[in-house]
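Working notes for the structure below.
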Amino acid sequence: MSLELPSRIAVHHSTVFEHGYGTSCCTMLTRLCPCDNRDQRLLSFSISTTPAATPIACDDSFGNRCHLFNICRATSHVHVNASSIVQTLKLPSPHELQAMTSWEELHREAGPGRFWHFLAPSKLVKPSKLLNAFIDQHGLSQKPDPFAALRGACSKLHAVLEYSPGATSVDTTASGILQAGKGVCQDFAHLMLALGRRWGVPGRYVSGYMHEHAPPPHHSVSELASHAWAEFWFPGHGWIGFDPTNDTVVDHRFVKVATGRDYTDAAPTRGVVLGGEFGTMRVNVRMESLVECETPPGSDGYNAPMDSLPWPVSNKDLPSNTSHDQ
C-alpha cells in the first residue's frame, strides 16, 4: 500500500503557569515534541521558556522525547512555548484494514509477555464491574475480527458518551467516566483502552493534536487542538489509532506526540514549584497547514537537538509535593 504525503502541519503550543509571588524554584518535564516515525516526519522543533532556561532533551521509558528544565529564581509565572512542523502520512483507509487479522493470530503474536505493559491494568485503566455492565448493556462483543470489534466499540463510545469539558479531571479513571457518562477526549481514550485490553488487544494511550475545523458534534475547532486517542497493535500492521471522541480511525489529520499506558505516562507537562501563592495554568494551541514546498521557518527559541544522548526519565524522578499536569 502506498502512502501519500499531504500538506505539512505547523503546531504552536503555549503553556503559561501562574504561581503568584514567593516561588523559589520550578522543575518541569515536558512532552511537547512530536514523534518521528512511520506515521509522520518531524521536520523541525523548538522549545523556549520564560524565564529563560536551557531544556535538556531526554527520552522516557516509553521512548517519548522529553525536555527537562529547572528555573531556580523567584518568578510569578513560567511560560513554555513549543513550535513544530510535521509531515503526516496518509494512512490506509478503514476499508483496507478490515479483517486484516484474526483473534487467534493476534493473541498468538501478542503474548505472552511481549506487550504486558499495554495489556495489564494501569493507574487510570483497570477492569471493573462497571465496565462489564457497560459491555453487556450495549451489546459490545468480540466480532469476527479484532479491527471490527474495536471499530464498533469506537462508534458506540462516541454515540453513548457526552463530550463535556470540565466534567472530569486528569485523574479520572475509566470507571469514573462510566459513572459520569461524560468526559473529554482523555476519558474517551481511557475507556477505549479498557475495552481493548479486556479483549486481549495491546493498547496504548496517545497524546497529540488533531488538525480539522468542523462543526459540532466533532468538537474539533478548539477542544481537539490538544487531543488524545487510543492505539491498538495488530500483527503485521503495528499500531493503529482509534479516536472515539470523533468516531474515526486515526489518519493524516492527527499529529502524535507521546504514548504510554494512560495519561499519566504521556502528560504534556509535569513538574513541581516550590512556594507560590496559588497555581493556575493556561494552554493555547494553534495549528496551520503549510504549502508542501515551504521551507520550515526558523525559531527564536532553544533548538532541541534531535540526536542528543537520551537517558531514562520517569515521573517518579521528579519531586511530588506540588505538581502541575496538563
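Kindly list the number of the only condition in (1) more than 24 Å from H107 (Cα to Cα); (2) part of a helix (DSSP H, G or I) that fails for G196.
Of the numbered conditions (1) more than 24 Å from H107 (Cα to Cα); (2) part of a helix (DSSP H, G or I), the odd one out for G196 is (1).
Evaluate region 26-48: report whether one residue or more is of a type outside the set (G, A, S) and touching a helix residue (DSSP H, G or I) at 6+ places or on another chain (Cβ under 9 Å). So that I can check it myself, show each step before the final result.
In the first step, residues of region 26-48 are kept if they are of a type outside the set (G, A, S); the result is 26-43, 45, 47.
Remaining after also requiring touching a helix residue (DSSP H, G or I) at 6+ places or on another chain (Cβ under 9 Å): 29, 31.
For region 26-48, residues of a type outside the set (G, A, S) and touching a helix residue (DSSP H, G or I) at 6+ places or on another chain (Cβ under 9 Å): present.
Identify, from the list A74, A53, the residue that is in the same structural domain as H13 (by TED's automatic domain parsing) and surrounded by fewer than 16 Cβ atoms within 10 Å (Cβ to Cβ).
A74
Within region 180-192, is there a residue that is in contact with a His (Cβ under 6 Å, 6 or more places away or on another chain), part of a loop (DSSP other than H, G, I, E, B) and over 17 Å from G241 (Cα atoms)?
As a first pass, look at region 180-192 and keep what is in contact with a His (Cβ under 6 Å, 6 or more places away or on another chain): 185.
Going one step further and asking which of them are part of a loop (DSSP other than H, G, I, E, B), we end up with none.
No - not one qualifying residue is present in region 180-192.
Going by the structure shown, is T173 surrounded by fewer than 20 Cβ atoms within 10 Å (Cβ to Cβ) and farther than 27 Å from R108 by Cβ?
Answer is no for this residue.
Tell me, which strands (runs of 3 or more DSSP E) wholly within region 233-288 include 1 or more residues that are touching a residue at least 24 places away in the same chain (Cβ under 8 Å) and closer than 19 Å to D171 by Cβ? Walk me through it before giving the result.
Numbers: elements: 238-243, 254-260, 269-274.
By residue number, 254-260, 269-274.
What is the residue count in region 21-37 for residues that are part of a loop (DSSP other than H, G, I, E, B) and surrounded by 15 or more Cβ atoms within 10 Å (Cβ to Cβ)?
Residues meeting the conditions: 7.
Every residue, every condition in (1) within 22 Å of R204 (Cβ to Cβ); (2) of a type outside the set (S, T, N, Q); (3) surrounded by fewer than 20 Cβ atoms within 10 Å (Cβ to Cβ), yes or no:
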site	(1), (2), (3)
H67	yes, yes, no
M100	yes, yes, yes
N132	no, no, yes
C154	yes, yes, no
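Quick check on region 114-121. Is at least one of its residues in contact with a helix residue (DSSP H, G or I) (Cβ under 7 Å, 6 or more places away or on another chain), at pLDDT 95 or above and over 23 Å from H227 (Cβ atoms)? Full working, then the answer.
To start, the set of residues in region 114-121 that are in contact with a helix residue (DSSP H, G or I) (Cβ under 7 Å, 6 or more places away or on another chain) comprises 119.
Narrowing the set further to residues that are at pLDDT 95 or above leaves 119.
Retained after the next criterion (residues that are over 23 Å from H227 (Cβ atoms)): 119.
Yes, there is a match, as at least one residue in region 114-121 is in contact with a helix residue (DSSP H, G or I) (Cβ under 7 Å, 6 or more places away or on another chain), at pLDDT 95 or above and over 23 Å from H227 (Cβ atoms).
In region 194-212, what count of residues is obtained for those that are free of Cβ contacts under 8 Å to residues at least 60 places away in the same chain and either crowded, with 23+ Cβ neighbours inside 10 Å or of a type in the set (V, I, T) (or both)?
2
The values are calculated or read from the model by the stated rules, or taken from the named source; none is laboratory data. Quick caveat, the model's predicted, so the values are computed rather than measured. Counting neighbours? That spans all protein chains shown, and the Cβs are built from the backbone with ideal geometry, glycine included.
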